[in-house]
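Below: the structure, in structure tokens.
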Amino acid sequence: MATSSAAALPAGAPEEAPQPRRTSTPLFVSALLARTWLWFIAGCVVVTLLPMLLGWRPYVVQSGSMTPRIDVGDVVLASPESDPAALLGRVTVFDDPEKNGLVKTHRVITLNDDGTMVTKGDANPTPDTATITIDDVRGLGRLLVSFVGLPMIWVQTGQWLFFGLFVLSILIAAWLVGRDKDGDEDDEPTDPDDGDKVVPLPQRLSAGGSSQIAASSPPADPGRGGRMQRVLRGTVVAVVCAFALGIPTTSAAFAATTRNNANSWSVPNWNYTTLVNAFGPFLYWKLDDTSGATAADTSGNGRTGTYTNSNQYTRNVVGALTSETPNRAVTSTSANACIYSSSGVAGVAAPQQMTSIVWFRTSSTNGGKLLGFEAPRTGVASPGNNGGTYDRHLYMDGQGRVWFGVYNGGYYTISSGTGLNNNAWHMAAATMGPAGMALYIDGVLVDTDPNTTGEATTGWWRAGCGNLSGWGTYWGGNNNPGTDTNTTANRGFLGSLDEVTVETSVLSASEIYTLYLAR
């Protein structure tokens, strides 16, 4: 009788369960990276296209005029905007008025009185030569998606190697995912019955023997390891993609400005400091000084200030300009603290056209002088006693209201109307010229007066202190200086000061608003 070489299983014995084929570690890691890459690409595309349902339109950046924040190959998503005021200081997409068919993505830096707008690339040293109108505007920059436009740039510029590598990476990633999926399918049990496996009843062992029933028991699920691997892969891919997409796909912060920290770039950047200096200030005390008695003049005119009682100032506190590094300010700890024009700075004629700007923060209810023009250079003198003069000043009353006061045979004052002693940074800007007096708080015009001139005198500028005797008529709250000019009434400001600027010209409303946006 012929016999088989294979060992026969006893009758009724259970068949051996098939062993799953497990995915190797290199294939698992490769497939994980491939899935992450594909999901990253898909996420960038979705983030770019989904806002189109809201009417936003994508624009691929093709030049480096807005670096480093917006680079070549980035996609700017812009929403329709018809209000020029909403565009001021923000990244705007518009048709280039000089080159038909060319679309630019630059920042609007000035609104002109005739309705036109001046634009500038953040990395460009000068503004664009041609102004634009609201009809040229395609949209206001809302969202920035980095890198996603690079393949289009590569095609347009003939960089076929980069484009080919990009396509190849997608094909390889898809192949790896396919290989890994095949491994997943092999991990599944081949028996269509996924229920608990029960060992069948054995045959009677002998005529006199007894029947024995084997205990029913579920064997290990051969597909469980594959399912766990898929869960693990899905979790890791989701986490990695969320992190990766969070890097290139972010709110563009298009109201902020860029800072170029790379040594290879020598062009100036559009930020608060460069914008102030572009206006040609008479003096500019940034108050970034960390020690010493000198307040540096960033205007380059050498009109430094001196910290009198400098030990009564806390230096290196966090300042008002969140867009700049370093961002420092000073805080006075005594009503006797003051920043005067330095002794080497000659007195000048009081300007008849001027803009004074100061950033401040306080919670004090005693008020005080923020910035003013005064004689003598130091100390406190009253007109009635020894010929002191003081006007063209920004000051705060006890209720936290900010005032701009000018003396012209009488007291001319305009105010913020509301208290600003809420321990938050605010920008106060005052102008005087042929159009009268104007006061701006945080870039917004709050009050005006038709008075066009101030007292003809010679003096110096000072910040954080000064005489206010006679200016108490409309003063609210504590520490009223009264209305008698024969007294001396120093009113030191207890709080933080930053970015003290004096211009001998009248800045326009749009220029002041642009300064505030550049903080």
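Nothing in this text is a laboratory measurement; each read-out follows from the coordinates by a stated rule. Just so it is clear, the model here is predicted, and its values are computed rather than measured. Ideal geometry is used to build each Cβ from the backbone, glycine not excepted, and the neighbour counts take in all protein chains shown.
Please list, in chain and number order, the residues 5+ apart from ASP447 or on another chain whose amide H is under 5 Å from its amide H, with Hs placed from the backbone.
Answer set, sorted by chain and number: LEU439.
How much length, in nm to one decimal, is gained on full extension between SER343 and SER82, taken as 0.36 nm per residue of separation minus their Cα-Cα distance?
Full-extension gain reported as 88.8 nm.
Can you give the FRET efficiency for SER169 and ALA130, using 1/(1 + (r/R0)^6), R0 = 35 Å, r = Cβ-Cβ distance, to the nearest 0.05?
Between SER169 and ALA130 the formula returns 0.25.
Using R₀ = 22 Å, calculate the FRET efficiency as 1/(1 + (r/R₀)^6) where r is the Cβ-Cβ separation of TRP160 and LEU53; round to 0.05.
Efficiency at R0 = 22 Å is approximately 0.05.
At a Förster radius of 56 Å, what calculated FRET efficiency corresponds to the Cβ-Cβ distance of ALA278 and PHE28, to the nearest 0.05?
Efficiency at R0 = 56 Å is approximately 0.45.
For ASN478, project a label point 7 Å along Cα to C-beta. Then give me every residue of region 370-410 with its amide nitrogen under 11 Å of that point.
It comes to 398-399, nothing else.
Which loop chymotrypsin sites (Phe, Trp or Tyr not before Pro) in region 326-360, with loop taken from DSSP, have no more than 16 other Cβ atoms within 10 angstrom of their Cβ?
Listed in order of number, the matching sites amount to none.
Once you have a ≥ b ≥ c as the square roots of the Cα gyration tensor eigenvalues for region 272-517, tell me rounded if a/c is under 1.5, and otherwise prolate or oblate according to whether a/b is larger than b/c.
In terms of gyration-tensor shape, rounded.
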